[in-house]
Amino acid sequence: MVGLCLGLMLVACQPAQSPAIWSPVTTVGTSAHFEPPAVVADGAQTLFAWSGADAEAARLYAATFRKAATILALPTTQAYHHSAYPALQENAHILWMDTLLDEGPRLRAGTFSPDLVAVTGPITLSREDTFDYAATTLANSAIQVVWTEGFVSEPVLYTNIIDGQGRPAFSEKVAENVSHPALVTDAGGNVWLYWLWQGDLLQGRLVGAVIENPMVIAADVPLARGDYVDAFYAAMDETHAYVIWQISRGDGTWETWWASGDKASQIWSQPQRLAYTTDTESTFQTGFNSGVVAVASDSDPTRSLTFVSLARPLPGQHRSVPLATAGHGRIGIVYLQGGHVVGSQSLAAGNPLRAPSIATDRALYLTLAWADERNDLKMLTTRPQ
């Protein structure tokens with residue numbers, strides 16, 4: 001059985017100290033690889049899901065603060081790139097990529113309960129070799145999922161809406177020549193699609209399977225031989241939209257790039273590396289139960305810059321946009337608002353190979369989770385236990 005530091009009251013793990021309001025760093029399980037667990041924090045319990053293996057086969061695991069890691073009855077061959085979203089009855093949607101026997105990579109879906117019991121799935125959404133996917137929450141705990149499949153030189157975008165009980169509709173073709181799709185649902189329930197193609201960053205409103213008013217809004221990040229886009233995300237605050245590139249450079253280093261657009265004027269900045277300065281003598285109110293956050297800036301020439309290596313935004317639209325970050329031996333959060341970096345928080349030591357997952361609940365408590373160098377899965381939260 002996968003080695004675990006469990007109980008998920010987790011008092012047996014001797015954690016490092018975290019800033020006030022944040023819990024100690026604790027271990028929720030051990031993964032088969034370096035990706036963080038997927039996290040859903042919207043119900044009475046915080047749910048974690050990831051892939052591992054026992055002596056017999058590859059497995060999908062889930063855990064909560066109070067329930068030890070449990071094998072989900074969702075058979076998998078080689079699960080990776082997990083994400084999770086709230087479903088009805090405090091269940092969770094889970095999406096993951098899987099390499100099925102005698103087939104290429106496919107996108108799969110299911111749901112599981114707070115008791116860590118699989119409710120639906122596994123459902124295979126894609127039919128051909130699949131490259132990237134994204135999802136966003138809709139009304140009544142449904143999710144809309146998009147993914148690219150087909151030929152790598154001519155990827156085709158498809159979509160499916162999965163209802164709050166985990167039941168998918170029919171998959172529909174959306175568009176051709178789309179790579180790295182990202183989705184975000186705004187406060188009005190509109191779904192916005194961002195994607196990359198041939199040096200451009202594009203945007204459109206996604207209505208069912210139709211992209212309304214698609215347009216080029218900025219340039220893509222320049223890539224040299226050996227560089228690639230490992231992940232691409234979108235998020236919003238009250239006035240601005242943001243896209244985040246996770247870039248792997250040919251020399252093995254990581255870079256986070258970002259661009260922002262004013263939602264009223266549709267004027268976008270060009271992509272730039274995410275870097276900031278910190279004023280530790282001043283604090284910023286984030287709109288979350290986040291504890292003390294230092295003021296930060298992306299435009300202060302009087303202080304030395306900290307460049308972000310790895311980052312992942314909290315999905316959706318919020319008063320500010322928290323980015324879970326890693327780099328320079330630290331786990332933390334950088335906050336965006338009004339098209340700028342406005343706050344930063346250093347939370348724990350860590351050197352993950354992928355950005356932490358980040359989730360929030362209805363009371364706006366935050367939870368971060370990541371895989372450390374040994375693939376042990378760590379978490380910390382401001383949510384009361």
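Summary table below
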{"read-out": "Residues of region 67-83 with amide N under 20 Å of the 7 Å Cα→Cβ point at GLU56", "value": "68-79"}
{"read-out": "Compactness index (Cα Rg / 2.2 N^0.38 Å), region 266-385", "value": "1.04"}
{"read-out": "Residues ALA224 and GLU154, FRET efficiency given R0 of 30 Å [Cβ-Cβ distance, rounded to 0.05]", "value": "0.80"}
{"read-out": "Label-point gap, in nm, between THR77 and ASN289 - each point 7 angstrom along Cα→Cβ", "value": "4.3 nm"}
{"read-out": "Calculated P(r) tail over 20 Å for region 128-251, as whole % of Cα pairs", "value": "43 percent"}
{"read-out": "For region 60-115 versus region 210-247, the gap between their alpha-carbon centres in whole angstrom", "value": "27 Å"}
{"read-out": "Within-13-Å neighbourhood charge of ALA218 [Cβ basis; K, R +1; D, E -1]", "value": "-3"}
{"read-out": "Charge-dipole axis of the chain as Lys and Arg at +1 and Asp and Glu at -1 on Cβ define it, positive-most pick from SER320, PHE170, GLY29", "value": "GLY29"}
{"read-out": "Accessible-area composition of the chain, carbon plus sulfur, in percent [1.4 Å probe]", "value": "51 percent"}
{"read-out": "Net charge contributed by nearby residues that have their C-beta within less than 15 Å of GLY29 (K/R +1, D/E -1)", "value": "+1"}
{"read-out": "Around ASP279: net Lys/Arg minus Asp/Glu count, Cβ-Cβ under 14 Å", "value": "-2"}
{"read-out": "Solvent-accessible area per residue for the chain (1.4 angstrom probe, square angstrom)", "value": "41 Å²"}
{"read-out": "C-alpha center-to-center spacing [region 253-331, region 126-158] in angstrom", "value": "28 Å"}
{"read-out": "Region 36-139 - Debye-derived log10 I(q)/I(0), Cα point model, q = 0.17, 0.21 Å⁻¹", "value": "-0.72, -1.08"}
{"read-out": "Dmax and Rg, reported as Rg then Dmax, of the chain (C-alpha, Å)", "value": "19.6, 58"}
{"read-out": "Within region 201-227, backbone nitrogen closer than 19 Å to the virtual label 7 Å beyond the Cα of ASN140 toward Cβ", "value": "207-209"}
{"read-out": "Equivalent ellipsoid semi-axes, region 289-357, via Cα gyration tensor eigenvalues times 5, rooted, Å", "value": "18, 16, 11"}
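The values are calculated or read from the model by the stated rules, or taken from the named source; none is laboratory data. Bear in mind that the values here come from a model prediction, so they are computed numbers and not experimental data. Counting neighbours? That spans all protein chains shown, and the Cβs are built from the backbone with ideal geometry, glycine included. Each accessible area value is taken on the protein alone, full model and side chains, heavy atoms only, with ligands, DNA and RNA left out. Shrake-Rupley method; radii C 1.70, N 1.55, O 1.52, S 1.80 Å.
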